[in-house]
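Asks: Once you've had a glance at the structure underneath, I'll fire off some questions.
The values are calculated or read from the model by the stated rules, or taken from the named source; none is laboratory data. Everything quoted here is computed from the prediction, not taken from an experiment. Positions of Cβ are generated from backbone atoms using ideal geometry, with glycine treated the same way; all protein chains shown enter the neighbour counts. Calculation scope for accessible area: heavy atoms of the full protein, side chains included, ligands and nucleic acids excluded. Shrake-Rupley method; radii C 1.70, N 1.55, O 1.52, S 1.80 Å.
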Amino acid sequence: MELNTLCTIGDVIRLRRDLYLHQDKDALFRSLDWFIYTRGAEPEYRMDTPCIIADPPDYDGERELELFPAFCDEHRMYSELMPEMLDDVLISALDQKRDASEEELIYALNYYAEIDAFFQF
C-alpha cells in the first residue's frame, strides 16, 4: 500500500481482495508496515468510508501517548484499523465464499469489529 494516501475502505478491500485472489496467498503478508485510519465517527464501516493509509502510530512510553503520523493529523483521522485484522477477515470470508460480494465483505468486517468473531457464510 502506498503511504499517505487518502482513499476509501472499499478501495482497500478491493485491492486486498484482488491481491489475495489473483496472487499467491502469502502476498497479503509481505507488506504490513502500514495502518488504515478513519475518523471513527461512524457506527460501522461502509465501502465509501473515507480512510488514510499511513505509517503505524508511534508510542511515547514515557507519556503513555500514541503519536499519529502527520498525514493523519492533517486529515484528523485517528481511529485505527490494522491491516492484519482486515486481511484476516477477508481471508476468512473468501476462503468460505470465493465470490463474496463487496457488501458481504464489508458486512464481515463490521461483524468482526462488533462481535470479535469471523462471520460464517
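Asks: May I ask for the distance between the Cα centers of region 60-95 and region 31-49, given as a whole number of Å?
Replies: 8
Asks: Now, a different point. Mind checking which of 19, 83, 113 is farthest towards the positive end of the chain's charge dipole, using Cβ charges of +1 (Lys, Arg) and -1 (Asp, Glu) about the Cα centre?
Replies: Of the listed residues, the answer is 19.
Asks: Per residue, how many Å² of accessible area does the chain show with a 1.4 Å probe?
Replies: 59
Asks: Might you report the magnitude of the Cβ-based charge dipole of the chain about its Cα centre, with Lys and Arg at +1 and Asp and Glu at -1, to the nearest 20 debye?
Replies: Computed about the Cα centre, the dipole is about 420 debye.
Asks: Okay, moving on. Could you tell me what percent of the accessible area of the chain is made up of carbon and sulfur, with a 1.4 Å probe and every protein chain present?
Replies: 48
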